[in-house]
There are 2 protein chains.
Amino acid sequence: MVTVDAEALSEDEPRVDDRVVSHLTCHAAIFTIVEDQLSLLLTERNQGPFRFQWELPGLTPQPQEDLEIAARRSCAALLDTNWPLELQQLGAYGHPDRDPRHRSVSVIYWGVAANIDLDVAAGGEPSNARVVAFSEFTSDEFRFAFDHADIASDVVRALRRSLTQTSIATQLCPPAFTMSQLQSVYEAVFNTSVSAGNFHRKVRNTPGFIYPAGNSTRESIGKGRPPQLFQAGELVALSPPFTFEASL
Amino acid sequence: MVTVDAEALSEDEPRVDDRVVSHLTCHAAIFTIVEDQLSLLLTERNQGPFRFQWELPGLTPQPQEDLEIAARRSCAALLDTNWPLELQQLGAYGHPDRDPRHRSVSVIYWGVAANIDLDVAAGGEPSNARVVAFSEFTSDEFRFAFDHADIASDVVRALRRSLTQTSIATQLCPPAFTMSQLQSVYEAVFNTSVSAGNFHRKVRNTPGFIYPAGNSTRESIGKGRPPQLFQAGELVALSPPFTFEASL
DNA sequence: CCAAAAGTGTTTAGACTACACCCATGA
DNA sequence: TCATGGGTGTAGTCTAAACACTTTTGG
């Protein structure tokens, strides 16, 4: 009984049947913000099970390909530029009947992008990809393929935790941004309102969160006082973290 | 280009070669505290690559077996009782050459146990399992199999984060414990010293962290004032979290 | 001048640190 | 009575929440 692990791990001649092998896919959950709404890049399946339902972009890794590279590749074609996309692993999903065809394990990565221009990326061709707003993909009517509704719920939680504990929110802003743009990132992700004054101080008092940007492009097209421009700093930890609570 | 995901995911007749299948194992990292030292349950490989080196207990899941169940099974035989073991997923490890034999993906779970009695579990038979102290398995001399040194490092980080943010530390204590026993859990995990008075208040002021236990078994065998006994509460979140820093 | 947005000051409340201090037991 | 470990009280500090206030623009 105590050698139960060695029995499985030390097969010098592994059998190629479904006791020792499994189907493996890597997926990427890419967040962005569209019209002040937290949104997720999804693709519509056009064949196989769950046809015409939506999933996180994914693929099977190549034999010598790292899991994260595979996840990055799964969404690279859908994103406009060679974005310096940083992915973090959410985890592995492997419930036995999550895929009706066969035992399947999916490793999920997630990241953020300041903007996603699907039209540019697709070069005008029709695409089965869409950027779906939070309110839509969390509604009961939205049709996720496989267990991707659960995964989407988990990955939103991971994003929110990252926003409270790190300075990752700057990666959801353009290269130069104002304090209220940064604030609206938090308001979109948590679907809540943030006190502007205290937010301002908390961010400025966190070393490395932001750096001042040259006010060269300040055009002051708004009504009020023209804002200062900032650029993203390093990815630093917030201590203590924000205490935002998601309202949905 | 934009349908790159569909190409891989929607094969109704998946080919059984190493492009679409991979070897999968589930492992459990079980922490416990032995003589005030954070320790990890490890097994020595007795065949295959990395023979006589140490790994987290693991196995290949059965076709219809959930990943977490498989991880639990991998260490169940090594633990004395049917401990109500709660496992959390750490993540998936799948670097292409982490196993010299073939492409291999390992999903790691972790949990804590108040005590591990290997002799009782093995029923007196010789076992290839050992509870290894932190100072030993983090030393340069210690020989981990595969990439399990990286995994061990990551899982210690996950444990420490859980201790700062939740009340999981009570699960590393016996059913009834004193405040200083609980405190020594933190001191062992973070290899640091904790101010007793402030620790006491922080724990008592967190609703659900602990509940008073009947002082029936108080035997007051020590020198000083007899301590109160507590029992574990629910697994609650600490807000704000502890701010302990690991000293190693 | 007024409205609106940006940014700063000020007050209050909560929580941690540090350290002093009481409590209850064994020797 | 003293040493020892358990537990509480308290002052100083740091931070955040709430809200008033100033600054700078457009109409």
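Residues are listed down the side, and each one gets a yes or a no for (1) within 10 Å of DNA strand D (Cβ to nearest atom); (2) touching a helix residue (DSSP H, G or I) at 6+ places or on another chain (Cβ under 8 Å):
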| position | (1), (2) |
| --- | --- |
| A:THR170 | no, yes |
| A:SER184 | no, no |
| A:PHE209 | no, yes |
| A:GLY214 | no, no |
| A:ILE221 | yes, no |
| A:GLY224 | yes, no |
| A:LEU235 | no, yes |
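Results for (1) modelled with pLDDT of 95 or more; (2) in contact with a Cys (Cβ under 8 Å, 6 or more places away or on another chain); (3) assigned to a strand (DSSP E or B); (4) more than 9 Å from chain B (Cβ to nearest Cβ), shown as yes or no for each residue.
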{"position": "A:LEU40", "(1), (2), (3), (4)": "yes, no, yes, yes"}
{"position": "A:THR43", "(1), (2), (3), (4)": "yes, no, yes, no"}
{"position": "A:GLY48", "(1), (2), (3), (4)": "no, no, no, no"}
{"position": "A:GLN64", "(1), (2), (3), (4)": "no, no, no, no"}
{"position": "A:ASP80", "(1), (2), (3), (4)": "no, no, no, yes"}
{"position": "A:GLU86", "(1), (2), (3), (4)": "no, no, no, yes"}
{"position": "A:LEU90", "(1), (2), (3), (4)": "yes, no, yes, no"}
{"position": "A:ASP97", "(1), (2), (3), (4)": "no, no, no, no"}
{"position": "A:SER106", "(1), (2), (3), (4)": "yes, yes, yes, yes"}
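Residues that are surrounded by fewer than 17 Cβ atoms within 10 Å (Cβ to Cβ) and β-branched (Val, Ile, Thr): does region B:73-88 have at least one?
yes
Would you say A:ALA188 is of a type outside the set (Lys, Arg), free of Cβ contacts under 8 Å to residues at least 24 places away in the same chain and either crowded, with 17+ Cβ neighbours inside 10 Å or on the phi > 0 side of the Ramachandran plot (or both)?
Details: of a type outside the set (Lys, Arg): yes; free of Cβ contacts under 8 Å to residues at least 24 places away in the same chain: no; either crowded, with 17+ Cβ neighbours inside 10 Å or on the phi > 0 side of the Ramachandran plot (or both): yes.
Answer is no for this residue.
Only one of these is more than 16 Å from DNA strand D (Cβ to nearest atom), surrounded by 15 or more Cβ atoms within 10 Å (Cβ to Cβ) and over 18 Å from the mean Cα position of the chain (by Cα): B:PHE142, B:PHE177. Name it.
Numbers: B:PHE177 fails: more than 16 Å from DNA strand D (Cβ to nearest atom).
From the options B:PHE142, B:PHE177, the qualifying one is B:PHE142.
Which number in (1) of a type outside the set (D, E, K, R); (2) away from DNA strand C (no atom under 11 Å from the Cβ); (3) surrounded by 11 or more Cβ atoms within 10 Å (Cβ to Cβ); (4) under 29 Å from A:SER135 (Cα atoms) marks the one condition that A:HIS200 misses?
Of the numbered conditions (1) of a type outside the set (D, E, K, R); (2) away from DNA strand C (no atom under 11 Å from the Cβ); (3) surrounded by 11 or more Cβ atoms within 10 Å (Cβ to Cβ); (4) under 29 Å from A:SER135 (Cα atoms), the odd one out for A:HIS200 is (2).
Could you say which residue among B:LEU235, B:LEU182 is among the hydrophobic types (A, V, I, L, M, F, W, C), more than 14 Å from DNA strand C (Cβ to nearest atom), surrounded by fewer than 17 Cβ atoms within 10 Å (Cβ to Cβ) and within 21 Å of the chain's Cα centre (by Cα)? Give the steps one after another, and end with the answer.
Values: B:LEU182 fails: surrounded by fewer than 17 Cβ atoms within 10 Å (Cβ to Cβ).
Every option except B:LEU235 fails the conditions.
The values are calculated or read from the model by the stated rules, or taken from the named source; none is laboratory data. Keep in mind it's a predicted model, so treat the numbers as computed, not measured. All Cβ positions, glycine included, derive from the backbone under ideal geometry; neighbour counts span all protein chains shown.
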